[in-house]
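The values are calculated or read from the model by the stated rules, or taken from the named source; none is laboratory data. Just so we're clear, the structure is a prediction, and the values are computed from it rather than from any experiment. Using ideal geometry, Cβ is built from the backbone for each residue, glycine included, and neighbour counts are taken over all protein chains shown.
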Amino acid sequence: MRSDAFPTATLSDACQLITDGSHFSPTPREDGPPIVNAKDIPKGRVELATCTRISESEWMLLKRQNCSPDPGDVLLSKDGTIGRVVHYKEDLGVVLLSSVAILRPKEFLAPAFLAHVLRSHVFDQQLFGLQSGSALKRLVLGDIKKIKIPIPDSDIQNSIAEVLSTLDDAIEQTEALIAKHQQTKAGLMHDLFTRGVTPDGHLRPTREQAPDLYKESPLGWIPKEWEARPLRDLTIKIADRDHTTPEYVDDGVIMVSPTNLFDDEGIDFAACRNIPLRDHLINRRKTDIEAGDLILHRIGAGLGAVRLVTDDMPEFSILHSMALVRPLRSAVSAEYLLWSFRSYPVLLQMDIGTQSIGVPDLGLDKIGSLLFPVAPYGEQTIIANSLRTQTEAGSAERNRLIKLRQQKHGLMHDLLSGKVRVQQ
């Protein structure tokens, strides 16, 4: 053991009680006191709004059977989704199902510190050891009791918990800002693709306010200057590569698949697999991807995700579950087409257009027949710029969130191992 490492103890030795909730499921009711399942503790707190309600008599029975936590307990999900943790600070009048364990620390173990340890590598590494080559779907109380945790002095525990809780607060606030940006962008997209903008950049009056500014179309009511046009009329090319299983190699050309798309805009090129150069050159006969093209996820769950290819991206091929869409620049700008793919009328058509009963599948002919709301070119530019500005604001918060999570991960490892000592 390193000289700077903290002493350790098993949870059995560090807790005065380790138990779980009810092993029978009471009858759900429309109202009544709440019972907590693993799904009800998603983000470090008990979400009363999602809890099942049960009768007063069954709640009292479970209360007498020690299925209710006390303030100061730590809750740990142990069935299905393992590792959700709550520092239970106040009595919310809940009882628990067996998917949630109650850990009641002894006096020398601070509950806030224990909660952070259970969210850390200390818990994850031991959890991985319990999997024995198969997915672990349930953590039994006996295994929980064997888990070893660091036990520094009480003052150090409290200082570590305070530092990590401060980072948690910053992460939660940043997540709230991201959610607000997403809501704002969703509202902006709705307005822009139903009302459009005037030359000075303002939204048109609503149809209720100025019905003469709108006309009916296959997409519903749209500004009278707009058209509803099929994608095939707005593109030079809609194509996918041969439907063969790729050969992957350690060193080759990047192959982008739908699993490599993240957030609203990103492509995780670092996580992509590689194919031989010869296969990439064969793919380019049909999907010669270049800057200004769009790539569209067309097969599988989550189809409809779309990305704009930019000059700063590396050369890549796409899996056959994606399609290349090359805009006709005289009719539509690439960035406007990108946002149009994400508009509700187009998303609705893609949902209706999934052809396979088993795996959702959007064929190239169906993609070409999708109707798009087409604004005059100058208006397209204003709409795309507005949505890009809103996205960039959200991207700054997402980048901050990534840095905060990385900072917490590194700091948690250093603090809990004793490698870095907090200032007293």
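When the test is whether a residue is surrounded by fewer than 18 Cβ atoms within 10 Å (Cβ to Cβ) and under 29 Å from residue 190 (Cβ atoms), residue 388 passes it.
Quick check: anything in region 282-293 surrounded by fewer than 18 Cβ atoms within 10 Å (Cβ to Cβ) and assigned to a helix (DSSP H, G or I)? Within region 282-293, one or more residues are surrounded by fewer than 18 Cβ atoms within 10 Å (Cβ to Cβ) and assigned to a helix (DSSP H, G or I). Filtered by the rule that a residue be touching a strand residue (DSSP E or B) at 6+ places or on another chain (Cβ under 6 Å) and in a loop (DSSP other than H, G, I, E, B), region 224-239 gives 224, 226.
Screening region 33-145 for strands (runs of 3 or more DSSP E) wholly inside it with 3 or more residues that are farther than 25 Å from residue 410 by Cα returns the ranges 100-105. For residue 129, only one of the following conditions fails: (1) closer than 28 Å to residue 406 by Cα; (2) touching a residue at least 60 places away in the same chain (Cβ under 8 Å). What is its number? Unmet condition: (2).
Suppose we keep only residues that are among the hydroxyl-bearing types (Ser, Thr, Tyr) and touching a Leu at 6+ places or on another chain (Cβ under 8 Å) within region 1-59. Which one would you say is surrounded by the fewest Cβ atoms within 10 Å (Cβ to Cβ)? Going through the qualifying residues, I end up with 25. If the condition is being in contact with a Ser or Thr (Cβ under 9 Å, 6 or more places away or on another chain) and over 27 Å from residue 149 (Cβ atoms), then region 394-412 contributes 394, 397, 398, 400, 401. Here is the figure for region 240-272: residues that are assigned to a strand (DSSP E or B) and surrounded by 15 or more Cβ atoms within 10 Å (Cβ to Cβ) total 6.
Consider region 298-338 and keep the residues that are under 22 Å from residue 375 (Cβ atoms) and among the charged types (D, E, K, R). The one that is surrounded by the fewest Cβ atoms within 10 Å (Cβ to Cβ) is 329.
Kindly indicate whether residue 297 is without any contact (Cβ under 8 Å) to a residue 40 or more places away in the chain and in contact with a Ser or Thr (Cβ under 6 Å, 6 or more places away or on another chain). So residue 297 does not fit the description; no.
The one condition from (1) closer than 19 Å to residue 13 by Cβ; (2) surrounded by fewer than 16 Cβ atoms within 10 Å (Cβ to Cβ) that residue 89 does not meet is (1).
The residues of region 186-222 that are aliphatic (A, V, I, L, M) and either within 18 Å of residue 341 (Cα to Cα) or without any contact (Cβ under 8 Å) to a residue 12 or more places away in the chain (or both), listed by number, are 186, 188, 189, 192, 210, 213, 219, 222.
One residue stands out among those in region 92-111 that are without any contact (Cβ under 8 Å) to a residue 60 or more places away in the chain and surrounded by fewer than 20 Cβ atoms within 10 Å (Cβ to Cβ): the one that is nearest to residue 40 (Cα to Cα), which is 92. For region 1-32, residues that are outside any strand (DSSP E or B), of a type in the set (Val, Ile, Thr) and touching a Cys at 6+ places or on another chain (Cβ under 9 Å) total 0.
For region 246-257, the criterion of being of a type in the set (Val, Ile, Thr) and without any contact (Cβ under 8 Å) to a residue 60 or more places away in the chain is met by at least one residue. Tell me, yes or no, whether region 334-342 has at least one residue that is among the basic types (Lys, Arg), modelled with pLDDT under 90 and closer than 20 Å to residue 261 by Cβ. No - not one qualifying residue is present in region 334-342.
Sort out which residues of region 339-382 are aromatic (Phe, Trp, Tyr), under 18 Å from residue 191 (Cβ atoms) and surrounded by fewer than 19 Cβ atoms within 10 Å (Cβ to Cβ), and write them in order of number. Matches in region 339-382: 344 only. Taken over region 29-57, residues that are among the hydroxyl-bearing types (Ser, Thr, Tyr), farther than 19 Å from residue 83 by Cα and under 30 Å from the mean Cα position of the chain (by Cα) amount to 1.
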